[in-house]
Amino acid sequence: MSNPSLLILPGDGIGQEVMAEVRRVIDWFGAKRDLAFDVSEDLVGGAAYDAHGTPLHDDTMAKAQEVDAVLLGAVGGPKYDDLDFSVKPERGLLRLRKEMDLFANLRPAQCFDALADFSSLKKDIVAGLDIMIVRELTSGVYFGEPRGIHTEDNMRVGVNTQRYTEAEIERGARAAFDLAMKRDKKLCSMEKANVMESGILWRDVVTEVSKDYPEVELSHMYADNGAMQLVRAPKQFDVIYTDNLFGDILSDCAAMLTGSLGMLPSASLGAPMANGRPKAMYEPVHGSAPDIAGQGKANPIACILSFAMALRYSFDEGADATRLETAIEKVLADGVRTGDLLGDADTTPVSTSGMTDAILAALDASL
Ligand code: NAD
């Protein structure tokens, strides 16, 4: 059997630096755990614009459709800020999400004990936190028609439309219930059924889907209360399923419970391919960080944790995903820190590759 395939799209700025570190981790799993991947690399974002005049070449898009998983770094940078909207680096990312039909965005919010002091919340509220937000990614108010700005009675009117079909709600719900089955079997669905018809339909469809998952304890919460509960007592949640708009806000809110942007991975999943694996793209939440790009200061952990998610969700290698996460936890517990994780600590920060050196050493020690 051939090895599973990975397409690596480093993108711009620190995307290129952190992805170089992920390649070292991928090589480690090939050499030490007999988990070899066929890795290819291509351009996205500003790098693709510089080479091809487009943020995503058609050939790259075709490759992304064929591989078992895509790993993306980050796109964008000041150099591209004045480009036309149609060729901005972010368009490359949006095209990948849209054409691969990645409808379920998984955003874990996990608090490593060693970093609990970093949260803006009290340590005992976030220590040990491990929740997963599943955000519907391809529909809802960001895509609904009609939309636009027009003039009525000499006044400008801005319009966006929240629109969900049953099928769109259902497929995301199934992804969320499947995840809950692999975790603590608790799912909280969030909408605004008190004021929005789309919320009433959302609650109805999720309740219907729950009949296929009798082991999962389902609850419903209005999204505004959900935001309050996330900062009041976030550990009450396991998996949260919510729509595109609420998910955008709630996942950023949950992410910040855990400290630095440099620690946050994500996955976007679509329908199963012929080999049973879901269409999938894994990427850190952070951007290209032009302020520190090229200086060896970027924290590679978000991108390395995104690869751990690929091991778990695309390749069914949960034990090795845990091995990698545990190695990262150990390195942090040992006090190894990139600059973004220093806080008030009187420690000398390690470089981007220094952090990976420590993670690889911890992986070696795990054998
Ligand atoms: P950013 O995430 O790039 O950076 C925000 C802050 O966090 C910066 O101070 C940065 O130094 C720091 N930071 C981010 N990742 C870090 C890491 N791994 N290690 C250490 N520090 C880290 O967001 P921004 O500054 O608003 O945007 C910069 C560019 O990135 C823009 O062009 C924006 O459009 C783009 N962007 C891309 C993505 C993506 O590719 N998914 C996401 C967000 C922003």
**Prompt:** Between THR322 and GLU66, what FRET efficiency comes out of the Förster formula 1/(1 + (r/R0)^6) with R0 = 41 Å and r the beta carbon distance, rounded to 0.05?
**Reply:** 0.90
**Message:** At 222 nm, what value in deg cm²/dmol follows for the chain if DSSP H runs of at least 4 each add -39500 (n - 2.57) and the sum is divided by all its residues, to the nearest 500?
**Reply:** -12500 deg cm²/dmol
**Asked** So how much slack lies between TYR142 and LYS185, counting 0.36 nm per residue of separation and subtracting their Cα-Cα distance, in nm?
**Response** 12.5 nm
**Fill in**
Simple spin-label estimate for ARG232/ALA365, 7 Å along Cα→Cβ, in nm, reads 4.1
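For segment 49-153, report the accessible area per residue in Å² (1.4 Å probe, heavy atoms, rounded to an integer). Don't skip to the answer; put the middle values down first.
Working: 5150 Å² over 105 residues.
Normalised by residue count, the accessible surface of segment 49-153 is 49 Å².
May I ask you to compute the full-extension gain from LEU342 to MET155, defined as 0.36 nm times their residue separation minus their alpha-carbon distance, rounded to one decimal in nm? Please list the in-between numbers first.
Numbers: separation 187, 0.36 × 187 = 67.32 nm, distance 5.08 nm.
Using 0.36 nm per residue and subtracting the Cα-Cα distance, I get 62.2 nm.
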**Request:** Please find the FRET efficiency linking ALA127 to LYS32, where r is the Cβ-Cβ separation and R0 is fixed at 35 Å, and quote it to the nearest 0.05.
**Result:** 0.65
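Round to a whole number: what % of the accessible area of segment 239-367 belongs to carbon and sulfur, probe 1.4 Å? Provide the component values of the computation, followed by the final result.
Numbers: 2530 of 4660 Å².
Of the solvent-accessible surface of segment 239-367, carbon and sulfur hold 54 percent.
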**Prompt:** Roughly how many whole Å is it from the C-alpha centroid of segment 55-98 to that of segment 237-276?
**Reply:** 20
**Asked** Say the cut-off is 25 Å between C-alpha atoms; which of LYS182/LYS211; LYS182/LYS279; LYS79/LYS279; LYS32/LYS235; LYS122/LYS182 go over it?
**Response** LYS79/LYS279; LYS32/LYS235; LYS122/LYS182
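Dividing the convex hull volume of the alpha carbon atoms of segment 130-257 by its residue count, what do you get in Å³ per residue?
Details: hull volume 14.2 nm³, N = 128.
About 111 Å³ per residue, rounded to a whole number.
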**Request:** Using a 10 Å cut-off on Cβ atoms, rank the peptides 107-118, 190-201 from the highest mean neighbour count down.
**Result:** 107-118, 190-201
**Prompt:** Say the dipole of segment 130-257 comes from +1 at the beta carbon of Lys and Arg and -1 at that of Asp and Glu; which of ASN160, ASN194, LEU218 then lies farthest toward its positive end?
**Reply:** LEU218
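Averaging the inverse of every distinct alpha carbon separation and then flipping it gives the Kirkwood radius. What is it for the chain, in angstrom units?
On the way: mean 1/r = 0.0469 Å⁻¹.
Mean inverse Cα-Cα distance, inverted, gives 21.3 Å.
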**Prompt:** What is the gain in length, in nm to one decimal, between GLU166 and SER353 on full extension, counting 0.36 nm per residue of separation less the C-alpha to C-alpha distance?
**Reply:** 62.7 nm
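Quick one: divide the alpha-carbon radius of gyration of segment 56-135 by 2.2 N^0.38 Å and tell me what you get. All intermediate terms of the calculation are to be shown ahead of the outcome.
Numbers: Rg = 17.8 Å, N = 80, 2.2 N^0.38 = 11.6 Å.
Cα-based Rg divided by the globular estimate yields 1.53.
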**Request:** Evaluate the charge dipole of the chain about its Cα centre and quote only its size in Debye, nearest 20, assuming +1 on the Cβ of each Lys and Arg and -1 on the Cβ of each Asp and Glu.
**Result:** 420
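The values are calculated or read from the model by the stated rules, or taken from the named source; none is laboratory data. Here the structure is a predicted model, which means the values were calculated and not measured. Every residue, glycine as well, gets a Cβ built from its backbone with ideal geometry; the counts of neighbours run over all protein chains shown. All accessible areas refer to the heavy atoms of the entire protein, side chains included, with ligands and DNA or RNA removed. Shrake-Rupley method; radii C 1.70, N 1.55, O 1.52, S 1.80 Å.
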